[in-house]
Amino acid sequence: MTLFDKGMKMKLDCGDEASVVRLIRNDRHCDVYEVILNDEIRILKYYSDLSFSDTSAFYDFIAAKLKDGPPSERFYWPGALTEKTNEGFGYVTGCVPKSYHDLDEFLLLKADFSSYAKRLNAAIEIVRAFECLHEKGYFFQSADSNVFLVDGNTGDVVIDDCEYITSVCAGARGSIKFEAPEVIAGKCKSDMHSDLFLLSELLFVILFSAHPFEGRRLDCHAYITRDAKQEFYAKSPIFAFDPNDESNRPVSGVSGYEIQLWKKIPKAIKEKFYQAFSRSSLGYGDLEEIRKNRVACEAWRHELVNLRSRLVKCPACGEDLFLDFDSQTICPNSKCGHVIGKNRILAFGNGEYRVPIFPGVGIYKCMVDSLSDDCETQIGSITVNPQNPNILGIKNESSKPWLAVSKKTIESGRSLSFSAFDEVYFDQCEQKGFAKIID
Ligand SMILES: [Zn+2]
């Protein structure tokens with residue numbers, strides 16, 4: 001191990017110098033330092049004990065990633081390399097702000113979200129991060145929850161330790177709690193399919209502050225042996241809410257928060273988890289069958305964005321609630337019980353995105369343009385007529401006009417009452433979007 005003293009200057013390939021502040025920790029393969037680079041606090045990871053691999057090959061691997069650039073700004077990607085010497089080499093990366101907590105802390109209930117909207121924001125952000133990663137041909141070659149950090153007050157997500165991201169799996173192993181069963185069983189190496197399993201597990205952690213395979217089976221053990229871990233997480237995992245097998249249900253009193261969150265969430269999301277953690281997806285079948293049952297990033301994005309559209313405040317008490325698409329909605333606050341009549345729905349394109357016609361609900365770019373996956377840019381909303389609160393309208397908040405089939409144009413910045421049209425055409429990009437009202 002090479003140790004650097006405070007104030008030592010490290011020459012970087014970008015021409016700048018990083019000044020060592022302190023050693024933060026010794027990781028398995030590297031020493032992690034706090035450094036100052038261009039007046040900003042950054043992290044330097046220095047590899048001086050590469051017995052696990054060939055130093056040159058690892059240097060080339062990091063240099064190639066640096067050149068390629070990060071999949072999105074959420075990834076704390078290698079920023080600049082130090083000189084490669086006989087003693088080793090290092091690279092500079094971002095310093096995760098203190099407001100972020102890794103998902104282990106959310107699992108242990110040491111961290112939580114300030115609201116359900118922030119929880120949902122984190123879920124959508126993590127799906128978008130995986131989509132950006134896969135678009136560049138990368139995946140996680142070893143999986144663990146502490147690489148993913150979330151700010152519970154904003155729902156923002158960052159991904160640290162990006163050296164575990166690759167496009168060719170060397171066979172590195174992560175935590176048994178988050179590794180795909182087919183990888184643990186040796187049926188294949190990590191790839192984008194195993195990443196989809198990891199994504200489903202992370203989404204479960206974010207949405208329910210719990211691990212999907214931790215239920216009654218685990219609670220029966222005072223001490224979990226290595227063999228028991230293998231059994232519960234890898235060889236024969238059982239989803240805690242498996243619709244056909246109640247043997248691993250969460251124990252009330254131990255997992256009350258998880259049970260409460262599961263009760264609240266609409267059926268459409270539950271069904272996605274039933275698929276993601278079905279016996280076919282959990283490694284009981286052959287590889288083809290396992291992969292066929294994985295939930296794709298895009299399917300998660302559609303469902304989570306729809307869930308976000310359904311999350312509103314109760315008009316009577318302000319409690320968060322999910323609007324029911326099929327019937328009236330009753331406020332879950334037992335002291336309130338306000339009833340919201342069944343809402344009409346605005347269905348976009350082939351119905352992937354469905355928005356309840358309810359005041360304040362947003363319309364996002366991905367909904368009106370099938371080529372766009374931008375679920376953050378709001379381009380419209382459901383509005384209330386200021387003269388009559390019973391009349392709802394659609395407001396165009398984009399810079400381009402929309403066409404309602406009543407042949408009335410909704411000028412940019414203007415609203416049109418829902419009674420005046422049945423369908424609306426959006427003119428946003430090359431691919432023109434379309435939405436219709438359904439009851
Ligand atoms: Zn209420």
GLU87 - would you say it is charged (D, E, K, R) and either surrounded by 19 or more Cβ atoms within 10 Å (Cβ to Cβ) or touching a residue at least 12 places away in the same chain (Cβ under 8 Å) (or both)? yes
When you scan region 279-393 for strands (runs of 3 or more DSSP E) that lie fully inside it, which ones turn up with 2 or more residues that are within 16 Å of the ligand (Cβ to nearest atom)? 311-313, 320-322
So the check is Cβ under 6 Å with 6+ separation or different chains; which pairs have a first residue in region 344-362 that's in the same structural domain as SER419 (by TED's automatic domain parsing) and at pLDDT 95 or above and a second one that's among the polar types (S, T, N, Q) and in a strand (DSSP E or B)? GLY362/GLN378; GLY362/SER381
The residue that is surrounded by the fewest Cβ atoms within 10 Å (Cβ to Cβ), considering only those in region 198-215 that are within 15 Å of SER281 (Cα to Cα) and not hydrophobic (A, V, I, L, M, F, W, C), is SER200
Members of region 45-76 found to be modelled with pLDDT of 90 or more, exposed (fewer than 13 other Cβ atoms within 10 Å of the Cβ) and under 21 Å from LYS11 (Cα atoms), listed by number: ALA64, LYS67, GLY69
Just checking, which of LYS235, LYS264, LYS292 is closer than 30 Å to THR383 by Cα and among the basic types (Lys, Arg)? LYS264
Give all pairs with beta carbons closer than 6 Å in which a residue from region 296-324 that is more than 13 Å from ARG354 (Cβ to Cβ) meets a residue that is more than 16 Å from the ligand (Cβ to nearest atom) and not small (Gly, Ala, Ser); count only pairs at least 6 apart in sequence or on separate chains. CYS297/VAL127; CYS297/PHE130; CYS297/GLU131; TRP300/VAL127; ARG301/VAL127
Please work out which residue is modelled with the lowest pLDDT, limiting yourself to region 423-438 and to residues that are more than 21 Å from PRO359 (Cα to Cα) and buried (at least 17 other Cβ atoms within 10 Å of the Cβ). GLN428
Could you tell me whether any residue of region 43-63 is within 28 Å of the chain's Cα centre (by Cα), basic (Lys, Arg) and farther than 19 Å from LEU3 by Cα? no
Output yes when any residue across region 287-296 is in the same structural domain as ARG128 (by TED's automatic domain parsing), touching an Asp or Glu at 6+ places or on another chain (Cβ under 8 Å), of a type in the set (A, V, I, L, M, F, W, C) and exposed (fewer than 14 other Cβ atoms within 10 Å of the Cβ), and no when none is. yes
Just the residues that are in contact (Cβ under 8 Å) with a residue 40 or more places away in the chain, surrounded by fewer than 20 Cβ atoms within 10 Å (Cβ to Cβ) and in contact with a helix residue (DSSP H, G or I) (Cβ under 6 Å, 6 or more places away or on another chain), please, taken from region 367-422. SER372, ASP373
Going by what's in this entry, would GLY318 be described as more than 18 Å from the chain's Cα centre (by Cα), at pLDDT 90 or above and among the small types (Gly, Ala, Ser)? yes
Every residue from region 133-188 that is acidic (Asp, Glu) and farther than 28 Å from LEU109 by Cα: GLU135, GLU182
Kindly check whether there is at least one residue in region 121-141 that is farther than 26 Å from HIS193 by Cβ, at pLDDT 95 or above and assigned to a loop (DSSP other than H, G, I, E, B). no
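The values are calculated or read from the model by the stated rules, or taken from the named source; none is laboratory data. Here the structure is a predicted model, which is why all the values come from computation and not from measurement. Positions of Cβ are generated from backbone atoms using ideal geometry, with glycine treated the same way; all protein chains shown enter the neighbour counts.
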